[in-house]
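The values are calculated or read from the model by the stated rules, or taken from the named source; none is laboratory data. Bear in mind the structure is a predicted one, so any value in this text is a computation, not a measurement. Cβ placement follows ideal geometry from the backbone for every residue including glycine, while neighbour counts extend to all protein chains displayed. The protein model used for the area step is the full one, side chains on, heavy atoms only, and it has no ligands, DNA or RNA in it. Shrake-Rupley method; radii C 1.70, N 1.55, O 1.52, S 1.80 Å.
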Amino acid sequence: QVHLVDSGGGLVQPGGSLRLSCAASGSIFSTNVIGWYRQAPGKQRELVATITSGGSGNYADSVKGRFTISRDNAKNTVYLQMNSLKPEDTAVYYCNVRYYSISDSRYLEFWGQGTLVTVSS
(Lines give C-alpha, C1' and ligand atoms only; values in the text may rest on other atoms or scores of the structure.)
Protein backbone atom coordinates (compact mmCIF):
# COMPACT_ATOMS: atom_id res chain seq x y z
CA GLN A 1 0.00 0.00 0.00
CA VAL A 2 1.14 3.53 -0.78
CA HIS A 3 0.20 6.64 1.13
CA LEU A 4 0.88 10.05 -0.44
CA VAL A 5 0.78 13.35 1.47
CA ASP A 6 0.73 16.61 -0.50
CA SER A 7 1.78 19.89 1.09
CA GLY A 8 3.10 23.35 0.35
CA GLY A 9 0.11 25.08 -1.18
CA GLY A 10 -1.06 28.54 -0.24
CA LEU A 11 -1.92 32.01 -1.42
CA VAL A 12 0.65 33.76 -3.58
CA GLN A 13 0.65 36.89 -5.74
CA PRO A 14 1.08 36.67 -9.50
CA GLY A 15 4.75 36.28 -10.33
CA GLY A 16 5.45 34.58 -7.02
CA SER A 17 6.75 31.11 -6.22
CA LEU A 18 5.73 28.07 -4.23
CA ARG A 19 7.24 24.65 -3.70
CA LEU A 20 4.93 21.68 -3.33
CA SER A 21 5.99 18.43 -1.70
CA CYS A 22 4.67 14.91 -2.05
CA ALA A 23 5.85 12.60 0.71
CA ALA A 24 5.23 8.92 0.25
CA SER A 25 5.28 5.72 2.22
CA GLY A 26 5.82 2.41 0.50
CA SER A 27 8.76 0.80 -1.21
CA ILE A 28 7.52 1.33 -4.75
CA PHE A 29 7.90 5.08 -4.67
CA SER A 30 11.53 5.31 -5.71
CA THR A 31 11.17 2.95 -8.67
CA ASN A 32 8.19 4.48 -10.42
CA VAL A 33 7.09 7.54 -12.32
CA ILE A 34 5.47 10.15 -10.10
CA GLY A 35 3.12 12.77 -11.46
CA TRP A 36 1.68 16.09 -10.34
CA TYR A 37 -1.84 16.87 -11.51
CA ARG A 38 -4.08 19.83 -10.87
CA GLN A 39 -7.77 20.54 -10.95
CA ALA A 40 -9.15 24.04 -11.20
CA PRO A 41 -12.74 24.83 -10.19
CA GLY A 42 -15.16 23.60 -12.82
CA LYS A 43 -12.43 21.96 -14.88
CA GLN A 44 -11.13 18.45 -15.38
CA ARG A 45 -8.00 17.24 -13.65
CA GLU A 46 -4.96 17.75 -15.87
CA LEU A 47 -1.41 16.49 -15.86
CA VAL A 48 1.16 19.12 -14.90
CA ALA A 49 4.46 17.22 -14.76
CA THR A 50 5.96 13.77 -14.36
CA ILE A 51 9.33 12.51 -13.21
CA THR A 52 10.92 9.14 -13.86
CA SER A 53 12.78 7.08 -11.29
CA GLY A 54 15.99 8.40 -12.83
CA GLY A 55 14.93 12.01 -12.42
CA SER A 56 13.86 12.97 -15.94
CA GLY A 57 11.00 15.43 -15.97
CA ASN A 58 8.25 16.11 -18.49
CA TYR A 59 5.91 19.07 -18.40
CA ALA A 60 2.64 20.31 -19.76
CA ASP A 61 3.14 23.12 -22.26
CA SER A 62 1.35 25.52 -19.96
CA VAL A 63 4.01 25.22 -17.24
CA LYS A 64 7.21 24.62 -19.24
CA GLY A 65 9.95 26.97 -18.24
CA ARG A 66 8.16 27.96 -15.02
CA PHE A 67 7.76 24.70 -13.07
CA THR A 68 10.45 22.18 -12.13
CA ILE A 69 9.79 18.70 -10.82
CA SER A 70 12.42 16.89 -8.78
CA ARG A 71 12.69 13.95 -6.43
CA ASP A 72 14.68 12.80 -3.44
CA ASN A 73 14.36 9.02 -3.36
CA ALA A 74 16.17 8.80 -0.03
CA LYS A 75 13.37 10.88 1.49
CA ASN A 76 10.62 9.32 -0.64
CA THR A 77 9.62 12.83 -1.65
CA VAL A 78 8.83 14.55 -4.94
CA TYR A 79 8.82 18.32 -5.27
CA LEU A 80 7.20 20.75 -7.66
CA GLN A 81 8.92 24.13 -7.74
CA MET A 82 6.53 26.66 -9.24
CA ASN A 83 7.86 30.04 -10.34
CA SER A 84 6.30 32.97 -12.18
CA LEU A 85 2.89 31.86 -11.03
CA LYS A 86 -0.17 33.08 -12.88
CA PRO A 87 -3.81 33.32 -11.79
CA GLU A 88 -4.60 30.48 -14.18
CA ASP A 89 -2.34 28.21 -12.10
CA THR A 90 -4.91 28.37 -9.31
CA ALA A 91 -6.03 24.81 -8.59
CA VAL A 92 -5.82 21.93 -6.18
CA TYR A 93 -2.59 20.07 -6.92
CA TYR A 94 -2.34 16.29 -6.44
CA CYS A 95 0.55 13.88 -6.69
CA ASN A 96 0.00 10.49 -8.20
CA VAL A 97 1.72 7.16 -8.63
CA ARG A 98 0.51 4.37 -10.90
CA TYR A 99 2.33 1.08 -11.24
CA TYR A 100 1.82 -2.54 -12.18
CA SER A 101 1.56 -4.81 -9.15
CA ILE A 102 2.85 -8.30 -9.88
CA SER A 103 1.28 -9.68 -6.74
CA ASP A 104 -2.11 -8.20 -7.66
CA SER A 105 -1.68 -8.78 -11.42
CA ARG A 106 -3.07 -5.34 -12.17
CA TYR A 107 -2.26 -1.66 -12.18
CA LEU A 108 -2.63 0.17 -8.89
CA GLU A 109 -2.99 3.93 -8.59
CA PHE A 110 -2.70 6.21 -5.58
CA TRP A 111 -3.38 9.92 -5.08
CA GLY A 112 -2.39 12.45 -2.49
CA GLN A 113 -5.13 14.38 -0.71
CA GLY A 114 -4.35 17.55 -2.67
CA THR A 115 -3.00 20.95 -1.73
CA LEU A 116 -4.64 24.21 -2.78
CA VAL A 117 -2.66 26.81 -4.70
CA THR A 118 -4.28 30.21 -5.11
CA VAL A 119 -2.61 32.85 -7.26
CA SER A 120 -4.22 36.21 -6.71
CA SER A 121 -3.38 39.81 -5.96
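Observations on the structure shown:
- Cα principal axis extents for the chain, largest first, Å: 49, 29, 23
- Simple spin-label estimate for Leu11 and Glu46 in nanometres, 7 Å along Cα-Cβ: 2.5 nm
- Surface per residue (accessible, 1.4 Å probe) for the chain, Å²: 53 Å²
- Summarising the overall dimensions of the stretch 77-121 from its C-alpha atoms, the Rg and Dmax are 15.1, 50 angstrom.
- Among Ala60, Ala49, Ala74, the largest mean-square fluctuation in a Gaussian network model of the chain (Cα springs under 10 Å) belongs to Ala74.
- Proximal lysines to Lys75, defined as alpha-carbon separation beneath 28 angstrom and excluding residues fewer than eight positions away on the same chain: Lys64
- Label-point separation in nm, Ser120 to Asn83, each point 7 Å along Cα→Cβ: 2.7 nm
- Per-atom-type breakdown for the chain gives carbon and sulfur 47% of the accessible area (1.4 Å probe, protein chains only).
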